[in-house]
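Notes for the one structure printed next.
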Amino acid sequence: MDDLIRLHYLVTSRKATTVLEMGVGKSTIMFDHALEQNKLKYGDFVNKNLRRSNPFECHSVDNNKEWIEAVKSANPNVKNVTYHYCPCHVTTFNDRISTLYDNLPNICPDLIYLDAPDQYSPIGDVRGISTNHPDRLPMSADILAFEHFLLPGTLIVVDGRTANARFLKTNLQRDWVYYHSVEYDQHFFELKEIPIGVYNKRQIEFCLGPDW
């Protein structure tokens, strides 16, 4: 429950507009509620002043179709969530063995929550090595692949997955501020760069404040 409350607070306090969630579950419902609160409070301003093509949307990715259907069936009243079934394979990123989803929603999130895939579900191997072993660890590289499309002010939250977070930290190329909360078992990356143009500057000032 503490983790869910923290995610809700991050979305509402940062006035997040577009969430990319890797791993469908209870967090999906929390994101839906938080985005609904943001939409009610800030919808008019965002639509009139910010260039956000997917305002107040949570796009939730998972490679388990049955689990997606179970969550959808148990929570039929969500308003702001689009579910995406995305198979996942073992592959390489810069010759490092990792996993990538086969397809992702074509959005520009300002908050990313990384909580999937687990180590056992990605398909295949590279030269005999895969994550499907009890001594292996989940190692998603999706964020690295689209890092340079992300806007300054973007926040990444990694739930657990310390080895994966260290992999991201080692390979991310832009000016990210990193913090590991041992108490929460969560990792936070915030893209601290000069705004890209007037619309990004306006979004940062509105969502994160002029002194960000």
For the chain, with +1 on Lys and Arg beta carbons and -1 on Asp and Glu, the positive-most of LEU100, THR162, SER60 along the dipole: SER60
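Hey, how much of the P(r) for the stretch 1-107 falls beyond 21 Å, as a percent of Cα pairs?
Working: 2370 of 5671 pairs.
Summing the P(r) of the stretch 1-107 above 21 Å gives 42 percent of all pairs.
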Of the DSSP beta bridges with both residues in the chain, give the percent that are antiparallel, rounding to the nearest 5. 45
Can you work out the Karplus-derived ³J(HN,Hα) for every residue in the stretch 117-125? Use 6.51 cos²θ - 1.76 cosθ + 1.60 with θ = phi - 60°, whole Hz, and x for glycine or proline. x, 6, 6, 9, 8, x, 8, x, 8
Selection from MET22, SER121, LEU50 lying farthest towards where the dipole of the stretch 2-208 points positive, charges on Cβ: LEU50
Going from the fewest other Cβ atoms within 10 Å to the most, one would list CYS86, CYS58 as CYS86, CYS58
Fewest to most Cβ atoms within 10 Å: ASP95, ASP159 sort as ASP95, ASP159
As a test of the definition: which semi-axes, in Å, follow for the chain when you take the square root of five times each eigenvalue of its alpha carbon gyration tensor? Largest first, please. 28, 21, 15
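Just how large is the dipole of the chain about the Cα centre, in debye to the nearest 20, putting +1 at every Lys and Arg Cβ and -1 at every Asp and Glu Cβ? It would help to have the intermediate numbers written out before the result.
Values: 22 positive and 27 negative charges, 123 e Å.
Magnitude of the dipole: close to 600 debye.
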Reduced to Cα centres, the span from the stretch 1-54 to the stretch 62-94 in Å works out to 18
Whole-Hz Karplus couplings 3J(HN,Hα) for the stretch 77-86, θ = phi - 60° and coefficients 6.51, -1.76, 1.60, Gly and Pro as x, run 9, 5, 10, 10, 10, 10, 8, 10, 7, 9
Potential extension, ASP175-ASP118 segment - 0.36 nm per residue separation minus Cα distance: 17.8 nm
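Where a number appears in this text, it was derived from the coordinates with a stated rule and is not lab data. The structure presented is a predicted model; accordingly, all values stated were derived computationally and were not measured. Heads up, the Cβs are rebuilt from the backbone with ideal geometry, glycines too, and the neighbour counts pull from every protein chain shown.
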